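This report concerns only the one structure given below.
What follows draws every value from the coordinates through simple rules; no lab data is involved. A quick note: this is a predicted structure, and the numbers were derived from the prediction, not measured. So basically every Cβ, Gly included, is an ideal-geometry build from the backbone, and we count neighbours across all protein chains shown.
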Amino acid sequence: MIVLGIETSCDETAAAVLADGAKILASVVASQDQVHAPYGGIVPELASRRHVETIVPVIQKALGDAGLRLGDLDGIAVTQGPGLVGSLLVGCSVAKALAYVTRCPLVGVNHLEGHIFAAFLQEPSPTHPFLALVVSGGHTALYLAPEPLRYALIGQTRDDAAGEAFDKVAKLLGLGYPGGPSIELTAKSGDPRAIALPMAQMTDGAPDFSFSGVKTAVALHVKRAGRLSSAAVADIAASFQATVVKMLVRQCVRAALSLGIRRLVLTGGVAANRALREALQAEATEREWELFIPPPALCTDNAAMIAAAGHARLQAGERASLTMNALPDLRLA
Ligand code: KG4
Ligand code: ZN
């Protein structure tokens, strides 16, 4: 089965062609980073306008790269939510129009399930049950997947998403947008123990996350320090990154231990971060747990992961009607 995946939930316009649920024939991601960089964050109105301009050429390029035509498709999968409503609407409208003309079955995909399905685009892929840590610009959550296509929410952020914290701290430090990659790069020359930053503790012991405290601590530090040398910026970036990584790994390990789960998936844009990948890998190796982390290009937003989740749902008999629409607050569990 050949599935076209379409992803426009945030600031990446993406299309991919996937064969048999795991073979990527083409994956095109048009980033809008340059559009939003001057603002240090995503401007929703600009994002949806750019999606409108880019989506058709991106789909054409994906089909061209795969050497296929619309008539070769067996299914169409589109991100239905969560995300920015104006952005989601562009993908959903195009997907519905294509489903109408090709008479292909259509399925709406939850963006977070898409991130989890990125782990199924490589061999070996996880078996169930597993615990997935999804860390992106909009979400930070732990999901238990007891069986295929079923999820339970185990914990989530109580304030900012981890990626959002990276983006905000990068802005504070005068680093480029998006913040994750620029902090990772800057942190390389810094000392992760240079400044002590607070680790959020959940007083009720829940496997939740909180990143606003560490972000505020960085803001105060920057304010007090006044002008910062580039060495000082590197130290702050390294300390911030190390603290966020520690918090993510700690809560993930705690949840896995309390659930008795020995199989983990790490995914979402922040999972492209090498320090995080290595820290969770070290824990998994030490405990003899299985850990699945998609390659960085499949951790950040892409349409191959949407096609993969869509393929599984189409195989399970799921169909969306042509009246389906964007659901900006769609939940996975
Ligand atoms: O999954 P994603 O591409 O989009 C959303 O669904 O939100 O995640 C984007 C987020 C951004 O906040 C970005 O700064 C962060 O992922 N990110 C990273 C890295 N690459 C992207 N964070 C830390 N280190 C990275 N290397
Ligand atoms: Zn995402």
Per-residue ellipticity at 222 nm attributable to helices in the chain (runs of n ≥ 4 DSSP H, -39500 (n - 2.57) apiece, nearest 500 deg cm²/dmol) works out to -14000 deg cm²/dmol
Percent of all alpha-carbon pairs of the chain at distances over 33 Å, whole number, is 26
Expected sort for 49-55, 111-117 on mean C-beta neighbours within 10 Å, highest first, is 111-117, 49-55
Along segment 326-333, Karplus-curve 3J(HN,Hα) (6.51, -1.76, 1.60; θ = phi - 60°) to the nearest Hz, with x for Gly and Pro, reads 4, 10, x, 10, 3, 9, 8, 7
Phi angles of segment 7-23, converted by Karplus (6.51 cos²θ - 1.76 cosθ + 1.60, θ = phi - 60°) into ³J(HN,Hα) in whole Hz with x for Gly and Pro, give 9, 9, 6, 9, 10, 10, 9, 9, 9, 8, 10, 10, 9, 6, x, 9, 9
In vacuo Debye sum over C-alpha of segment 128-293, base-10 log of normalised intensity I(q)/I(0) at q = 0.12, 0.21 Å⁻¹, listed in q order, is -0.51, -1.36
Any residue on another chain or 5+ positions along whose placed amide H is under 5 Å from the amide H of residue 154 is listed here as 142, 143, 144
Most packed first (mean Cβ within 10 Å per residue), the peptides 161-167, 255-261, 23-29, 88-94 order as 161-167, 88-94, 23-29, 255-261
Expressed in nanometres to one decimal, the distance between label points 7 Å along Cα→Cβ at residue 201 and residue 52 is 5.2
If amide H atoms are modeled at 1.01 Å from N in the peptide plane, then the residues at a separation of 5 or more from residue 291, or on another chain, having amide H under 5 Å from its own are 264
Taking Cα atoms only, helix 85-102 is inclined relative to the longest principal axis of the chain by an angle, in degrees rounded to 10, of 20
Helix 212-225: inclination vs the chain longest Cα principal axis, degrees, rounded to 10, gives 50
Here, trypsin sites (Lys or Arg not before Pro) of segment 230-333 satisfying both criteria (DSSP loop; at most 16 other Cβ within 10 Å) are 262, 319, 331
In this structure, the FRET efficiency calculated for residue 286 and residue 171 from their beta-carbon separation, with R0 = 45 Å, to the nearest 0.05, is 0.80
Given 213-220, 304-311, 227-234, the highest-first ranking by average Cβ count within 10 Å works out to 304-311, 213-220, 227-234
Scoring only Lys, Arg, Asp and Glu (+1, +1, -1, -1) among other residues with Cβ under 13 Å from the Cβ of residue 35 yields -3
Residue 144 neighbourhood, Cβ < 12 Å, K/R = +1, D/E = -1, net charge +1
Toy charge model, Lys and Arg Cβ at +1, Asp and Glu Cβ at -1: the chain dipole around Cα centroid in debye, rounded to 20, equals 440
Taking Cα atoms, the helix 230-259 axis meets the longest principal axis of the chain at an angle in degrees (rounded to 10) of 70
Note: probe point = Cα of residue 123 + 7 Å toward Cβ; backbone nitrogen < 13 Å; residues of segment 12-26 passing the test are 22-24
Pseudo-spin-label distance residue 20 to residue 193, built 7 Å along Cα→Cβ, given in nm, is 5.1
If R0 = 30 Å, then residue 254 and residue 149, at their Cβ-Cβ distance, give a FRET efficiency to the nearest 0.05 of 0.70
Phi-derived 3J(HN,Hα) across segment 112-123 with the Karplus relation (6.51, -1.76, 1.60, θ = phi - 60°), rounded Hz, x for Gly and Pro, is 6, 5, x, 4, 5, 5, 4, 6, 8, 8, 9, 9
Per DSSP, the loop-located trypsin sites (Lys or Arg not before Pro) within segment 57-130 having at most 15 other beta carbons within 10 Å are 69, 103
Any trypsin sites (Lys or Arg not before Pro) in segment 115-201 that lie in a DSSP loop and have at most 14 other Cβ atoms within 10 Å would be 158, 188, 193
If amide H atoms are modeled at 1.01 Å from N in the peptide plane, then the residues at a separation of 5 or more from residue 130, or on another chain, having amide H under 5 Å from its own are 145
